[in-house]
Structure formats: structure tokens, C-alpha cells
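Working notes, structure below.
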Amino acid sequence: MMLFIQRSHLYLSSAILCFSIVGCAGDSLESGLDPFAPMVFKEGITALPLNPPNPSTLQPFYVSRTTIFKFAVDTNSILIGADGVTRYTVAITNPSGETQLQYEGIRCDSFQWRLYGTFENGKWKENPLSAWRAISDPVPNRYQAALAQGAFCNLLTQEKVLQKVLQNLNPRNFTGSIAPPPY
């Protein structure tokens with residue numbers, strides 16, 4: 001009987017040791033991965049559009065009372081990237097009617113934007129100084145902030161459903177900034 005108890009004790013001790021080792025194998029500190037460490041951003045490859053936007057797919061959006069420009073986003077150009085970047089073409093029209101087209105990206109997690117390229121002389125031209133920049137909110141031409149807050153982001157999280165982004169861009173639903181009261 002004593003031998004049986006000793007063997008049982010040995011088997012039980014061995015089982016506890018095995019479960020302890022297996023339990024430590026998934027421990028983030030043992031594996032070197034800290035689940036609370038900030039994620040390192042790795043941007044995917046970005047290709048410029050092939051063509052300018054179709055005027056019928058440009059969706060105007062309100063930016064602020066103090067801007068003198070008009071803004072529209074090409075709804076066919078919106079790409080929701082797996083890397084956390086929403087890419088789009090924006091049309092910026094000045095008071096004299098001239099329009100500049102830009103291909104940009106917005107990161108919701110860091111509230112940043114990036115200019116990938118501009119449409120010049122009938123073709124897209126890559127921006128050689130392209131870098132991530134903070135989105136400025138309290139400026140008159142705050143169109144990146146309006147897009148981030150009103151359509152592309154849900155607080156600091158990227159909106160992953162294109163249909164929801166398009167619904168948010170609808171002038172009746174757009175909350176990128178406070179629209180002027182109706183007259």
C-alpha cells in the first residue's frame with residue numbers, strides 16, 4: 001500500500017510539473033511578447049490611382065465656417081487598408097474654381113494623415129516628401145479632421161465597413177464638424 005501511495009504521489013507531482021511547464025509556454029513574458037506593449041505600425045504598399053476621379057462619384061463634405069475652399073472625396077477611391085490606413089482621393093476647390101486632386105491616407109489610431117500624391121498635368125505624381133503628419137483640428141482647412149471624425153474613424157478605431165463610411169459621408173449623416181444652421 002505504501003508503494004502505491006508513493007507512486008501516486010510521484011505521478012501526481014509529475015503531472016503538476018508538466019501542467020506548470022505547459023502553462024508557462026503560453027506566458028507572454030516567457031515568449032517575449034508583451035500583450036500590453038504598443039504595436040509597431042507597419043504600413044502596406046500604396047499605389048497611386050490610375051485615373052482622376054469621376055465627377056459623378058465626388059461626395060462634397062462640410063469642413064468649417066471659416067474655410068473658403070470646397071472639399072469632396074471620391075467615393076470610388078476609398079480603400080480601407082488592413083494596415084489601419086484608409087486611403088482616398090480628395091478634391092479641393094478654391095474660390096476661383098480651380099480644383100486640386102490629392103491621394104491621401106488617414107490613420108485613426110494615431111490621428112495622422114499622409115499625402116501620397118497629387119494629380120498634375122493629366123497624371124498622378126508621387127509626393128517624394130510623403131510622411132505621416134498630425135491632423136490639425138482647430139484650423140480653417142481641417143478637412144482631414146472632418147473626414148476622420150465624420151466618416152473614416154470611430155474615435156481612434158478605423159471604420160472597417162465601406163458601406164458605413166459611405167453612409168457617414170452622406171450630408172444628412174456627416175458629423176465631421178458642426179454644419180451651419182439652415183437659413
Quiz prompt | Total residues in the stretch 129-179, condition within 18 Å of the chain's Cα centre (by Cα), under 26 Å from P95 (Cβ atoms), in a loop (DSSP other than H, G, I, E, B) and not hydroxyl-bearing (S, T, Y) | solution = 5
Self-check item: Per-region count, the stretch 92-125, residues under 28 Å from F41 (Cα atoms) and either in a strand (DSSP E or B) or among the hydrophobic types (A, V, I, L, M, F, W, C) (or both)
Solution: 19
Practice problem: Could you check, for the stretch 72-91, whether at least one of its residues is closer than 22 Å to T175 by Cβ, assigned to a loop (DSSP other than H, G, I, E, B) and out of contact with any Asp or Glu (no Cβ under 8 Å at 6 or more places or on another chain)? | Solution: yes
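Can you tell me which of D109, D27 is within 30 Å of P128 (Cβ to Cβ) and either at pLDDT below 95 or among the basic types (K, R) (or both)? Before you say what the answer is, go through the steps one by one.
On the way: D27 fails: within 30 Å of P128 (Cβ to Cβ).
After applying the criteria, what remains is D109.
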Quiz item: Among the residues of the stretch 80-100 satisfying the criterion of being hydrophobic (A, V, I, L, M, F, W, C) and in contact with a Leu (Cβ under 9 Å, 6 or more places away or on another chain), which is nearest to E159 (Cα to Cα)?
Solution: I80
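Taking the criterion of being more than 20 Å from the chain's Cα centre (by Cα) and either surrounded by 17 or more Cβ atoms within 10 Å (Cβ to Cβ) or farther than 25 Å from Q167 by Cα (or both), would at least one residue in the stretch 80-87 satisfy it? Break it down into steps so the answer makes sense when it comes.
Taking the stretch 80-87 and keeping what is more than 20 Å from the chain's Cα centre (by Cα), we get none.
No, the stretch 80-87 has no match at all.
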Self-check item: Residue list for the stretch 94-116, filter: surrounded by 16 or more Cβ atoms within 10 Å (Cβ to Cβ) and over 19 Å from N127 (Cβ atoms)
Solution: C108, F111
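Would the stretch 60-70 turn up any residue that is out of contact with any strand residue (DSSP E or B) (no Cβ under 7 Å at 6 or more places or on another chain), at pLDDT 95 or above, more than 23 Å from Q158 (Cβ to Cβ) and among the charged types (D, E, K, R)? Show your work before the answer.
In the first step, residues of the stretch 60-70 are kept if they are out of contact with any strand residue (DSSP E or B) (no Cβ under 7 Å at 6 or more places or on another chain); the result is 62, 64-68.
Subsequent filtering for residues that are at pLDDT 95 or above retains none.
The answer is no; no qualifying residue exists.
The values are calculated or read from the model by the stated rules, or taken from the named source; none is laboratory data. Note that the coordinates shown come from a computational prediction; the quantities given were computed from them, not determined experimentally. Backbone-built Cβ (ideal geometry, glycine too); neighbour counts: all protein chains shown.
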